[in-house]
Amino acid sequence: MTASAHVTAVDSPTPVLSFGPVTLHIPGRPVDLQIRITAPATGTDLPVILLSHGHGPSNNLSSLNGYAPLANSWAAHGFTVIQPTHLSSRTLSHLPADTPGAPFFWRSRAEDMTHILDRLDAVESAVPQLSGRLDRTRIAVAGHSLGGHTAGLLLGARITDPDSGEEVELAEPRITAGVLLAPPGRGGDILNGPMAEVLPFVHTTDFSTMTTPALVVAGDKDDPRHFTDIGPVWHTDPYTLAPGPKTLLTLFGAEHGLGGIAGYDAAETTDENPERVTALARLTSAYLRTRLHPGDDSWQTARDALTTGPHAFGRVESK
């Protein structure tokens, strides 16, 4: 059986609707919060995935307009995906350089997700096709790269504010599962690359308090030398250093783009691999479905199909 047959065997997508931008007014935020909602065309009791974009070089992928390969697949498999444009997005480069939290807005990024959950009534009202279809008891967060750091904070990781020395806790109790895609790892002396000083908050992230169940996804060719010279294993730290229950998916041959999750045919993807993206989308949606619906066997089915045998896309370990 070929790798593509492995993917097809477990895929049964349905049509999706995508609506955006929806604008939410947040008092005190420098600009209104704009979000995109992607959902299956039919069905009710839809669990919610909050998807946090990374800080890549493209003008629009670091916004509500990115990550369509994941958002569309997750929606096709029964989730409502909500994507904010964080203040760190290149689409908001007009913000003054002295805006509090600039340029990475690590605290605001996490707060955006709490604001969205506080305003789900407004989200449903803005999207008539979505009214009454959300399951607000089943909420997950996912994030790629810097978005993985954001997701980790919402799942319970803590950070010491490098400016004030304050320990900051941004865990969101309404979120009960998460997926961290190519997230940054630990700080300390191992951060010896040129980006180590640019992102000082990475130095102080504490994964020992990240207790919410999560899947950490890392590419075994994701070289983080701009942060550290310890190699791709750095991206597995949120799994290694956090308490269980946690699962680690290591994707074979994947670099930081994990095959191209940030956008279709994106120039910044260094490891273009549509089959890997399809497999990753299926594995992550299956993981979240099983986590949010105890007793559901989607994760075991996807894991058996896509991470075993000679055409496996990766390996899985859990604790």
What are the ³J(HN,Hα) values, in whole Hz, obtained from phi via the Karplus relation 6.51 cos²θ - 1.76 cosθ + 1.60 with θ = phi - 60°, for each residue of the stretch 168-177 in sequence order, with x given for Gly and Pro?
10, 10, 10, 4, 10, x, 6, 8, 10, 6
In order over the stretch 304-318: 3J(HN,Hα) from phi, Karplus 6.51/-1.76/1.60, θ = phi - 60°, whole Hz, x for each Gly or Pro, gives 5, 6, 10, 10, 10, x, x, 10, 4, 7, x, 10, 10, 9, 9
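Calculate, for residue 93 and residue 304, the FRET efficiency according to 1/(1 + (r/R0)^6) with r their C-beta to C-beta distance and R0 30 Å; round to the nearest 0.05.
So, using R0 = 30 Å, E works out to roughly 0.10.
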Send over the per residue convex hull volume for the stretch 150-254, Cα only, as a whole number of Å³.
85
For volume of the Cα convex hull per residue in Å³, pick the label among (i) 227; (ii) 142; (iii) 122 that corresponds to the value derived from the coordinates.
(iii)
Sorting 96, 153, 125 by the position of each Cα along the dipole of the stretch 52-190 (Lys, Arg +1; Asp, Glu -1; all at Cβ), the one nearest the positive end of that ordering is 125
Going toward the positive end of the dipole of the stretch 177-319, with +1 on Lys and Arg Cβ and -1 on Asp and Glu Cβ, which of 264, 214, 278 do you reach last?
214
Where nothing but the Cβ of Lys and Arg (+1) and of Asp and Glu (-1) is charged, how large is the charge dipole of the stretch 2-143 around its Cα centre, in debye to the nearest 20?
160
Most fluctuating residue of 274, 27, 245 in a GNM of the chain with Cα springs under 10 Å: which is it?
27
Whole-Hz Karplus couplings 3J(HN,Hα) for the stretch 140-145, θ = phi - 60° and coefficients 6.51, -1.76, 1.60, Gly and Pro as x, run 10, 10, 9, x, 10, 6
Dipole magnitude of the stretch 146-282 about its Cα centre, charges +1 at Lys/Arg Cβ and -1 at Asp/Glu Cβ only, in debye to the nearest 20?
520
With the radius of gyration and the Kirkwood radius both derived from the Cα set of the stretch 1-144, what is their ratio Rg to Rh?
1.01
Computed magnitude of the charge dipole of the chain (debye, nearest 20; Cβ of K, R +1, Cβ of D, E -1):
660
Can you give the longest stretch of the chain with no exposed loop site, where a site means GluC sites (Glu not before Pro) in a DSSP loop (not H, G, I, E or B) with at most 14 other C-beta atoms within 10 Å?
1-165
Interchain or long-range residues, amide H under 5 Å from residue 49's placed H:
80, 81, 82, 140
Which percent of the accessible heavy-atom area of the chain goes to carbon and sulfur, probe 1.4 angstrom?
52
Nonlocal amide H pairs with residue 212, under 5 Å, H built at 1.01 Å
none
Once label points are set 7 Å from the Cα along Cα→Cβ at both residue 31 and residue 121, what is their separation, rounded to one decimal in nm?
2.8
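Could you give the length gained by full extension between residue 297 and residue 226, i.e. 0.36 nm per residue of separation minus their alpha carbon distance, to one decimal place?
Between residue 297 and residue 226, full extension yields an extra 21.6 nm.
The values are calculated or read from the model by the stated rules, or taken from the named source; none is laboratory data. As the structure is a prediction and not an experimental result, all values here were calculated from the model. Virtual Cβ from ideal backbone geometry, glycine too; neighbours counted across all protein chains shown. For the accessible areas, the whole protein counts, side chains as well, though only heavy atoms, and no ligand, DNA or RNA atoms are used. Shrake-Rupley method; radii C 1.70, N 1.55, O 1.52, S 1.80 Å.
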